[in-house]
Amino acid sequence: MVNGAEPSGPDSGSGPSSDIGALRIAVLLGDEADLLSASSPLAGLEWVHLSLEHQSHEPLTQLLDRAAELLSQGKPVVLSAKGGDENLRLYLLDGLTAAKRRLHVHCYLAGWASGMDCEFEAEGEVEAREKIQASALARAKRSAAQAQLHNSVANTLWDEFAALYRAVQALARRSLAPLAALDATATKPCYWFSRQHQARVLCLNLKRPNLKRLNLTANTGNAVQSVVLTQGSRLAAPRPLLDESRLFIPLGGSNIAELQTHLADLSAWLDALNSKAEAEAEPDTAANALQLKSQLLKSLVAKSLRDYDPWAPLALVLMAQSGTALAQEVLAMQAALAADAVQFKTPAGSCFCARPLGDAGLTLVYPGVGTVYANMFSDLSEYFPDLYAMLEREGDLGAMLQAASLYHGDPETAAANTARMSLSQQAIAGVGASYLFTQLLTREFKLRPRFALGYSMGEAAMWASLGVWQAPHQLIEATENSSIFNRAISGELTAVRRAWQLRDDEPIIWNSFLVRADAAGLDQLRAALPAFPRAYLAITQGDSCVLAGCETSCRALLAHLGKRGIAANRVTAMHTPPAMAVHGELLDFYTLALNQTALEPEALEPEAAGIDFISAAEAGPVSIDSQSIARSIADTFCGPLDFGALIHRAHDLGARLFLEVGADRQTSTLIDKILKQDGSRPALALAGNAKGADTATSLLKCLAQLISHRVSLSLAPLLAGLAQGTSQSTSSGTRSGTRADTSNYRTAFSTQNPAAAPTPSAEGEPL
């Protein structure tokens, strides 16, 4: 027999009737400090507390039945359980009550069902579980196709409640990470993508094995329970970018001597930190000393961010993973300043520049096809949930990032799926990654670039990301279905077949090769090309180039020159003569409506205001009109790409800081090599992401370098989540306000006054 959720309570014993609507029990996580504050919509409610015994064997669905009965009587319920160091609480109230109070909730309980798999004698264990799951989904008015299904084995009510709590967290965080314990293959956190305007649905299936030995039932079998939850509108609190294991301390000054003074004060404060923690902790309790030290370090970071002077002529940033490591970073920075280092950077991310480039030459660089990688930015949503929610409202975020191919809880599966992506899929995901990172930098950190350029197809990403096109999301479906990217210059290579005048049954073996070549080597290669008419010099980029075309011809050319090439095994005819066959189609494809404000530069979207857009196909900045933009993209895609010349031209126009926005750092590495070849050009290439590195740490290292070069940006996202004892504004660090007061820094962090650093409030009040 399958028991369904019944508002009438646990004793009804029958499944839900077909005329009863889906349950809608509002659920809130109990770990948010402001949940029951005086200003909360929940203030004044009288809650009924249902506490779980850790070893209780009551099924979870019976507990939910009791809660539903209380809710039907107008009594809101708190479910709580304590196990080890965990103290879990869920607040439940009727969905109508939540709506009347205009309360945003983390999720809704929509239905549940339970039964014994031994009761389904005609079916196997799997079929029995599926029937109970189907009953719960029917109760919730949902289908299995709509739901994310998770199975778990639980031995006690505590185990079941902990699984339910993680499921609520998963919906609140829009992340599958909290459910990793329920999925043996999930080893990496993964954002929970969903179709635009469709709520996420989770079906939690719980199995409690062999209840007979617990003397709870006369039957021998497994208790099976299914609980269905649907997404609410409330997001979980962002995960802090900074904590005691990820320290970030910016220090500004008028000159080197002032910076050295700040470093000396900080060093003295750190020396006093251990003794202060040990003195104030309870005797013989090392954990208390560590906790106090952690609080003091976080308070130090919060104060340094609030006191940071964005107008100071010079600045340095210290990054470290612990207080001990921070002390070492201070010593290294002191030595660098004493040695009159012009530019200094440590592996941990600490950095300083004695001749900052400023933000007048800040240039966003958009990478081309092939830079996306499996599970890229996988945990970024935990730090910026509001940004992801906004992007979901604006368009299909999953399609924009090609989530079905790039993301999976099992890294090996994700890597295999990524390797099979077509050119059009890689192009969409590349633009999506750049779009996401651009919104992160311009909306969250208030970065205002002066120039923008792209590597190859990165030019399309540039226009899509910076608010010029009216509906950039329409390019997703258009690219997916485009014969240009799926057949003409990739896949079947119909444009190449026409150019080479091949019959339909003649094969094309196409490949591209990365070749090391200095200026003399490039001259030799160009001189040899006429003898190999199906090999093309597609891209030149500093000390290397890309040779593309017939694989046999390319290998023969390389052998003739005595050179080696690294095969890319990528089929694309972009930047080769056959691509000219689709020039007209590309013009039509990229002739898109502009934002109405795009024709009024002073009224452009904040991301694009005051930006000069630089194309490989144009001598100067591209005019902001549909035809000029489409022509520049088509010309770039179809002609050979001289990326080194593009960087030189951008530098001549005033570009100095080249910031790669997208997946990985391949393009910034190329730019760095090009700039080093020139030597005398004052410039720097950096990236906000690196494959294989921690996403947040890579971002912080990028921001640190921008600060050291005196680029204006907001520090508010770094302050978010850091506990503090004062109510100072979080907007310090932007140049829109007055100069921050740093006069008390030496006093606050001196050896004589180590207690002056503020400690977090007892309530953990966020900044």
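Nothing in this text is a laboratory measurement; each read-out follows from the coordinates by a stated rule. As the structure is a prediction and not an experimental result, all values here were calculated from the model. Glycine also receives a Cβ, built like all others from the backbone with ideal geometry; neighbour counts cover every protein chain displayed.
Based on the alpha-carbon gyration tensor of region 428-569 and its eigenvalue square roots a ≥ b ≥ c, which shape applies: rounded if a/c is under 1.5, prolate if not and a/b is larger than b/c, or oblate?
It comes out oblate by the Cα gyration axes.
For a Förster distance of 35 Å, can you work out the FRET efficiency between the beta-carbons of SER143 and LYS691, rounded to the nearest 0.05?
Values: r = 38 Å, r/R0 = 1.07.
E between SER143 and LYS691, to the nearest 0.05, is 0.40.
If we count other beta carbons within 10 Å of each Cβ, what is the order of LEU722, LEU23, fewest first? Display every interim value, and only then the final one.
Numbers: LEU722 21, LEU23 25.
Going from least to most buried by this count: LEU722, LEU23.
Based on the alpha-carbon gyration tensor of region 492-570, what equivalent-ellipsoid semi-axes (square roots of 5 times the eigenvalues) come out, in whole Å, largest first?
23, 12, 11
For each of TRP112, TRP192, TRP311, count neighbouring Cβ atoms within 10 Å of the residue's Cβ, then give the residues from fewest to most.
On the way: TRP112 29, TRP192 21, TRP311 12.
In increasing order of surrounding Cβ atoms, one gets TRP311, TRP192, TRP112.
In what sequence, highest mean first, do 332-341, 708-717 appear when ranked by Cβ atoms within 10 angstrom? Please report the intermediate quantities before stating the final value.
On the way: 332-341: 14.7, 708-717: 21.6.
The peptides rank, most packed first, as 708-717, 332-341.
If you count, for each residue, the other Cβ atoms within 10 Å and average over each peptide, how do 89-99, 584-594 line up from highest to lowest?
89-99, 584-594
Could I have the simple spin-label model distance between ALA339 and GLN260, label points 7 Å from Cα toward Cβ, reported in nm to one decimal?
So the label points at ALA339 and GLN260 sit 1.5 nm apart.
Quick one: which residues, 5+ away or cross-chain, put their amide H under 5 Å from the amide H of VAL48? H built at 1.01 Å from N.
Counting only residues 5 or more places away or on other chains, the set is VAL77, VAL78.
Please compute the length gained on full extension between ALA354 and ALA471, using 0.36 nm multiplied by the number of residues separating them and subtracting their Cα-Cα distance. Provide the component values of the computation, followed by the final result.
Values: separation 117, 0.36 × 117 = 42.12 nm, distance 4.28 nm.
Length difference between fully extended and current span is 37.8 nm.
Go ahead and run the numbers for FRET between GLU394 and LEU594, Cβ-Cβ distance against an R0 of 22 Å, rounding to 0.05. Can you show the working numbers first?
Working: r = 17 Å, r/R0 = 0.77.
Efficiency computed from Cβ-Cβ geometry: 0.80.
Mind ordering 470-482, 228-240 by average Cβ neighbours within 10 Å, highest first? Provide the component values of the computation, followed by the final result.
Details: 470-482: 16.8, 228-240: 20.0.
Output ranking for 470-482, 228-240: 228-240, 470-482.
To the nearest 0.05, what FRET efficiency results for TRP500 and SER39 with a Förster distance of 56 Å applied to their C-beta separation? Show your work: numbers first, answer last.
Numbers: r = 72 Å, r/R0 = 1.28.
It comes out at approximately 0.20.
Taking Cα centroids, how far is region 38-92 from region 455-524 in Å?
58
With the crude spin-label approximation of a point 7 Å out along Cα→Cβ, what separation in nm comes out for ALA556 versus ASP271?
7.4
So what's the net charge close to THR636: Lys and Arg +1, Asp and Glu -1, counting the other residues with Cβ under 11 Å from its Cβ?
-3
Considering amide H positions built from the backbone, and no H for Pro or chain starts, which residues 5 or more places from TRP510, or on another chain, come under 5 Å of its amide H?
Excluding prolines and chain starts, which carry no amide H, the hits are GLU551.
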